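Q: Let me give you the structure first, and then I'll get to my questions.
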Amino acid sequence: MIRINCPFCGERDHSEFGYGGDGSIEYPPLDASAEAWTQAVFERENIRGVQTESWQHVSGCRQWLLVERDTMTHEIHSVRAAHSGVAAVVEKEQQS
Amino acid sequence: MTRFSAWSVFRNGLKGQSGWDRQWRDPQPKAEYDVVIVGGGLHGLATAYYLAKNHGQKNIAVVEKGWLGGGNGGRNTTIVRSNYFMRGNRQFYEHSLKLWEDLSHDLNYNVMFSQRSHISLLHSPAAIDGAARRYNTMRLTGTDAEIWDLNTLKANVPHLNYSADARFPIMGAAVQKRAGTARHDAVAWGYARAADALGVDILQNCEVTGTTREDGRITAIETSRGRIGAKKVGFAVAGNTSRLWQMAGFSTLPIESHKLQAFVSEPLKPLLDQVVVFGVGGAHFYISQSDKGGMVFGGDLDWYKSYAQRGNLPIVQDVAECAVSILPCLGRVRLLRHWSGVMDMSMDGAPFICKTPLPNLYLNAGWNYGGFKASPASGWYFADLIANDRPHNVISNFTLDRFERGINIDERGAGPDPKLHG
């Protein structure tokens, strides 16, 4: 069982979370070329090692998170809120 | 190499089994081969065999980083079927089933192929209608298919959970009688032995660490046993395709690596004569009984990307729940072993057997859950592609550019999310 330290709920089993996939994908503008969209939707680097991926805490706060996880050892290196605005607020709270 | 026959088995029985040779050689790598297949799994070995047998190629090597049958070839639930719906898949898997039907004779090696029926349980009138449509389509191209009503199913598989108050009461089944199981290790050994007899060098403990490219061609592969020159190279390493692809100088593929678990119980007396599949709502479960008596079963992926060949516990629980909900008699059966393999999950659930941007490099990848049953046809068509340098009509859509062209082969209609193509 992987344990994910949700910034809102604390450390929980991964079975509480839904897996989103590669979190490093940047989607192109809506009027971008078919090639650019094919690349974003279908093509993956498929890293063996540490990759950034999205997880949703579906059985908890329902927030989307960005998790840095090793795809070979399953070790988790960092967890943060996926929404940059939410992440900034959480970080500020933690510092104060 | 001794040919297996009733006479050779009898004669060696009298001689204390002392007359058997090695089943395949353990050669040193040559400096160069006409064709190098990377990956000594079922697909790689089958490719080498058909290259030698169908296309008369003499100078072939298969390089394998571990040992034969140590990867997904030995980590599956051994189910063979051809009940596919989409054009391309249907013809391909039916050809594969036809190759399975003659495989033991062809290889002179008993792969213990047992056409014991594949029974998909149906739980609603809509599911029965859907299966009838799918199975009628299969029959149009010569694949056998039947829909069973509840009484027929009960007569054939008497001990499923038929109670009316089950969460998903059983209403019937979609059945392919020519489907069944085979002994997975024997398939690897059989292909290796037959390929070796045709002169193929099988190089085990030979891990690829890099490639050499000159003038837009791949000229050699670097391995843990030295540099091996190659006129043509085929990749057949499902699970680690992306890593090898990057070693060849490319970047992305429409593939993610996920792991799938399989389970075997302690041996039981004969209990289940068929392959039974339970898939409704969130459940996904398939079970058969091996010739040794163990119940062999599996379920869903582990739901997150991974290269680790070990499974997680939530799926063990999920699969166990499915098992006792459909076969309550298994409630007290103990698990003997469980293991996990790394799958190439592609973006539409269909494989790739295709050319690549390099003119002498060929790709065989993206087998999702379905690699075992596909292995004979995969080798057959991959050998055809490598020998003739053009895709056969049947595999013409098993290409990397099908997503850009909008001709995805999405058997399950699950969309571009690799973990959903179970």
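Q: Using a 10 angstrom cutoff on alpha carbons, build the Gaussian network for chain B and name the most mobile of B:Gly366, B:Gly234, B:Gly406.
A: Evaluated over chain B, the most mobile residue of the options is B:Gly406.
Q: In addition: Treating cross-link reach as a plain straight distance, find the lysines whose alpha-carbon is under 28 Å from the alpha-carbon of B:Lys53, omitting any fewer than eight places away in the same chain.
A: Reachable lysines: B:Lys30, B:Lys65, B:Lys98, B:Lys231, B:Lys232, B:Lys355, B:Lys373.
Q: For Cα pairs less than 8 Å apart in space and 6+ apart in sequence, what is the mean separation divided by the residue count of the stretch B:282-362, i.e. the relative contact order in percent? Before the final figure, lay out the partial values.
A: Working: 55 pairs, mean separation 18.4, N = 81.
Value for the stretch B:282-362: 23 percent.
Q: Per-residue Cβ counts within 10 Å, from other chains only, averaged over B:309-316: what number is that?
A: Details: counts 1, 1, 0, 5, 3, 5, 1, 0.
Taking all residues of B:309-316 together, the mean is 2.
Q: In a Gaussian network model over chain B where Cα atoms closer than 10 Å are linked, find which of B:Asn89, B:Asn364, B:Asn156 has the largest mean-square fluctuation.
A: B:Asn156
Q: Take each of the peptides B:177-189, A:10-22, average the number of other beta-carbon atoms within 10 Å over its residues, and list them starting from the highest.
A: Values: B:177-189: 22.0, A:10-22: 16.2.
The most tightly packed comes first, giving B:177-189, A:10-22.
Q: If the rule is a partner Cβ under 4.7 Å, which cysteines in the protein assembly as shown fail it?
A: A:Cys61, B:Cys206, B:Cys322, B:Cys329, B:Cys354, each lacking another Cys Cβ under 4.7 Å.
Q: What does the accessible area per residue of the stretch B:22-113 come to in Å², with a 1.4 Å probe and no ligands, DNA or RNA counted? All intermediate terms of the calculation are to be shown ahead of the outcome.
A: On the way: 3540 Å² over 92 residues.
Per-residue value: 38 Å².
Q: Across the residues of A:69-78, average count of Cβ atoms on other protein chains within 10 Å? Provide the component values of the computation, followed by the final result.
A: Values: counts 3, 3, 8, 5, 3, 6, 0, 0, 0, 0.
Average per residue, whole number: 3.
Q: Using the beta-carbon distance between B:Glu101 and A:His83 and R0 = 51 Å, what value does 1/(1 + (r/R0)^6) give for FRET efficiency, to the nearest 0.05? Please list the in-between numbers first.
A: Working: r = 56 Å, r/R0 = 1.09.
Efficiency at R0 = 51 Å is approximately 0.35.
Q: Which whole-number percentage describes the relative contact order of the stretch B:46-203, with Cα contacts under 8 Å and a sequence gap of 6 or more? Walk me through the numbers on the way to the answer.
A: On the way: 231 pairs, mean separation 65.3, N = 158.
Here the relative contact order equals 41 percent.
Q: With the full set of protein chains in place, find how many percent of the accessible area of the stretch B:238-313 is carbon and sulfur; take the probe as 1.4 Å.
A: Percent of accessible area from carbon and sulfur atoms in the stretch B:238-313: 56.
Q: Which value at 222 nm does chain A reach when only helices count, each DSSP H run of 4 or more adding -39,500 (n - 2.57), with the total divided by all residues and rounded to the nearest 500 deg cm²/dmol?
A: Details: 2 runs with 21 residues, N = 96.
Result for chain A, helices only: -6500 deg cm²/dmol.
Q: Now a separate question. Give the residues of the stretch A:5-41 whose amide nitrogen is closer than 13 Å to a point set 7 Å from the Cα of B:Asp401 in the direction of its Cβ.
A: Label zone hits: A:35.
Q: Between B and A, buried accessible area summed over both sides at probe 1.4 Å, in Å² to the nearest 100? Intermediate results must be reported in sequence, preceding the final value.
A: Details: alone 18030 and 6610 Å², together 22390 Å².
For B against A, buried area totals roughly 2200 Å².
Q: 7 Å from Cα along Cα→Cβ at both B:Ala414 and B:Arg334: what's the point-to-point distance in nm?
A: Here the modelled spin labels are 3.4 nm apart.
Q: Within the stretch A:1-16, which residues have the backbone N less than 15 Å from the label spot 7 Å out from B:Leu313 along Cα→beta-carbon, could you tell me?
A: Counting backbone N atoms under 15 Å from the label point, the list is A:1-4, A:12-16.
Q: Can you pull the mean other chain C-beta count within 10 Å for peptide B:250-257? Show your work: numbers first, answer last.
A: Numbers: counts 0, 4, 6, 5, 6, 4, 7, 6.
So the per-residue partner count for this stretch is 5.
Q: Using 7 Å Cα-to-Cβ label points, what is the B:Glu222/A:Ala40 separation (nm, one decimal)?
A: 3.7 nm
Q: Rounded to the nearest 0.05, what FRET efficiency do B:Lys231 and B:Lys292 give with R0 = 35 Å and r taken as the Cβ-Cβ distance? Could you check?
A: On the way: r = 44 Å, r/R0 = 1.25.
The calculated FRET efficiency here is 0.20.
Q: First measure r as the distance between the Cβ atoms of B:Asp21 and B:Asn110, then evaluate 1/(1 + (r/R0)^6) with R0 = 22 Å and state the FRET efficiency to the nearest 0.05.
A: Values: r = 17 Å, r/R0 = 0.79.
It comes out at approximately 0.80.
The values are calculated or read from the model by the stated rules, or taken from the named source; none is laboratory data. What you are looking at is a predicted structure, and each value in this text was computed from that prediction instead of being measured. Cβ: placed from backbone, ideal geometry, glycine included. Neighbour counts: every protein chain shown. Heads up: the accessible areas ignore ligands, DNA and RNA and are worked out on the full protein's heavy atoms, side chains in. Shrake-Rupley method; radii C 1.70, N 1.55, O 1.52, S 1.80 Å.
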